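To start, the structure under review is shown below, and the notes come after it.
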Amino acid sequence: MPKRITAALPAVSFVAALALGSISLFASPKETWSLSERRPLASAPELSGKTIMDGSWFGELDGWMADHFVNREEFRHLRMLFQTKMLREHEYNGFIEYNGYLINLQKEINEDSVGYAAERFGYVWEKYLKKSGGNIYCTLVPDKSSLVGKYGYPTIDTANMDKMYEEALPFAKAFSLRAVLELEDYYFTDTHWRQEKLIPVAKYMLETMGRDVSLLDESFETEEIFPFFGVYAGQSAMKPEGESIRWLTGGFIDRLNVTDLETRAPMPVCDPENCDEKDLYTLFLGGGKGLVRIDNPAAPEGELIVFRDSFGSSMAPLLASGYRTVYVVDLRYAHPDVLGRYIRFNGQDVLFMFSETLLNNSRGLR
C-alpha cells in the first residue's frame, strides 16, 4: 500500500467515524426520558434567527447531542470505568462505591433551599398548628452519604445541617436519628432506607413521642421483588447487580385501613401490582400521594400528622402502631391551603420528618 494512503488512513477513519456517528445521531429514534438517570432528555433546539444570533441554539444543540448520541449508556459506563479503574479516581460525577453501596456524596448545604423549606414549614405552622395545641416534633432523615464521613469521605457538615433544620422548625421539639441508623439500613442502589430494617428506628421515634410500642413486637413477615434497581444504579453509570426490595406484612400491618383522602378511595399499605415499574419504591403507600390516612383499630387512642417526603412512605405504617389514626402529608403534592378540607387540626401530635436530600432540594415543596 502506498505510504501516502497509509498516512491518510487515520484521518479518513476519523472523518468516517464522525460522519457515521452524526448520521446515526440524527437518524435514530429519540427518547424523551432517561430511565437510568430518572430525568427528561433534552429536546431538539428551535432553530431561528434569534437563537442563532444570541448563541443559545449552539448551547442547546450541544446538550441535545450529549443526551441522544448512539450507545450513550455504554459510553457512560466506559467513561466511569476509565476514571475509576484506569485513573484511580475515588468518585465519578459525585458517586462512590463503598462495600457495594452506591453513594452520591452530598458535600455542601444548600442554604437557599433550607431557607425555602423553613418558609413553607412556617406557613403550615401559622395557618394550622399555632393554635392547635398539639405536641410538635421534628427529625431529619440522614442521607446515606453522611454515614460514610467516618471512613474519610467528604460529606456535608452534619452538625450544621441538624442545626439549620431545627432552626427551620423553631416551634418543634427536635430529636436525631443519626445514632439509630447504619449504612446497612439503606439500599445498595437507592437513596432510601429499607422498611424491614426500620422497626428499631420506629420504636425509638414512638418512645421519643411518648407512645406505646408493643405492637411493633408482633411477628412480621417480608415479601420482596427481585431485581430492584434504585435511582443510583443508572445515575452512577456503574451497572450494579440488582437487589431485593422488601416490605413487611403480618401483625398489625395487615389490619391497617388506608385511605387516599383526595379520592376517598381505600388503598393497600403496599401495592406491588400497581406501583411505578420504573421506581419500585412507590409500592409504599402509593408513592406520590399528597394526603393519606392510616387507621389502626388495634392501637390506643391518639392521632399523628406526619409531614414527610418519600422516606415517610415506608415509615408511616410503622408509626401507626402507636396511634389510632395517622395522617400522612406530602407537601410536594398537596398545597398547604387544602389541608383544612381533609384534616381537623385539633391537638394531634405532629411530626415533621424530612430527609437531608429533600432539605437540600426543597423547591418542590408547595
Within the range 290-315, tally of residues that are modelled with pLDDT under 95 and part of a helix (DSSP H, G or I): 0
Residue match in the range 133-142 (condition: closer than 24 Å to residue 202 by Cβ, in contact with a strand residue (DSSP E or B) (Cβ under 8 Å, 6 or more places away or on another chain) and at pLDDT below 95): yes
Conditions (1) more than 23 Å from residue 306 (Cβ to Cβ); (2) crowded, with 18+ Cβ neighbours inside 10 Å; (3) in contact with a Pro (Cβ under 7 Å, 6 or more places away or on another chain): number failed by residue 107: (2)
Pairs, first more than 11 Å from residue 353 (Cβ to Cβ) in the range 304-329, second at pLDDT below 95 and part of a loop (DSSP other than H, G, I, E, B), C-beta under 6 Å, six or more apart: 323/299; 324/299; 324/301
Qualifying positions in the range 316-366 - farther than 30 Å from residue 214 by Cβ and assigned to a loop (DSSP other than H, G, I, E, B): 331, 332, 333, 334, 335, 360, 361, 365, 366
Residue within the range 230-246 that is surrounded by 13 or more Cβ atoms within 10 Å (Cβ to Cβ), closer than 23 Å to residue 330 by Cα, modelled with pLDDT of 95 or more and assigned by TED's automatic domain parsing to the domain that holds residue 334 present: yes
Residue 169 vs. criteria at pLDDT 95 or above, in contact with a Cys (Cβ under 7 Å, 6 or more places away or on another chain), closer than 25 Å to residue 350 by Cα and not basic (Lys, Arg): yes
Hey, residue 143 of a type in the set (Asp, Glu), surrounded by 21 or more Cβ atoms within 10 Å (Cβ to Cβ) and under 28 Å from residue 98 (Cα atoms) or not: yes
Residues of the range 166-207 that turn out to be closer than 16 Å to residue 306 by Cα, under 22 Å from the mean Cα position of the chain (by Cα) and part of a helix (DSSP H, G or I), as a count: 3
Tabulated pairs, the range 208-226, first within 14 Å of residue 248 (Cβ to Cβ), second among the basic types (Lys, Arg) and part of a helix (DSSP H, G or I), C-beta under 9 angstrom, 6+ apart or interchain: 216/203; 217/203
Test: residue 146 is assigned to a helix (DSSP H, G or I) and polar (S, T, N, Q): yes
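For every residue, the table says whether it meets (1) in the same structural domain as residue 306 (by TED's automatic domain parsing); (2) within 20 Å of residue 231 (Cβ to Cβ); (3) crowded, with 19+ Cβ neighbours inside 10 Å; (4) not hydroxyl-bearing (Ser, Thr, Tyr).
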{"site": "254", "(1), (2), (3), (4)": "yes, no, no, yes"}
{"site": "257", "(1), (2), (3), (4)": "yes, no, no, yes"}
{"site": "261", "(1), (2), (3), (4)": "yes, no, yes, yes"}
{"site": "268", "(1), (2), (3), (4)": "yes, no, no, yes"}
{"site": "279", "(1), (2), (3), (4)": "yes, yes, no, yes"}
{"site": "282", "(1), (2), (3), (4)": "yes, yes, yes, no"}
{"site": "285", "(1), (2), (3), (4)": "yes, yes, yes, yes"}
{"site": "294", "(1), (2), (3), (4)": "yes, no, yes, yes"}
Single match in 137, 186, 116 (criterion: surrounded by 20 or more Cβ atoms within 10 Å (Cβ to Cβ), farther than 23 Å from residue 230 by Cβ and touching a residue at least 40 places away in the same chain (Cβ under 8 Å)): 137
When residues of the range 219-229 are limited to those that are under 22 Å from residue 267 (Cβ atoms) and over 23 Å from the mean Cα position of the chain (by Cα), the one surrounded by the most Cβ atoms within 10 Å (Cβ to Cβ): 220
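The values are calculated or read from the model by the stated rules, or taken from the named source; none is laboratory data. The structure presented is a predicted model; accordingly, all values stated were derived computationally and were not measured. Cβ sites come from the backbone with ideal geometry, for glycine too, and all protein chains shown count toward neighbours.
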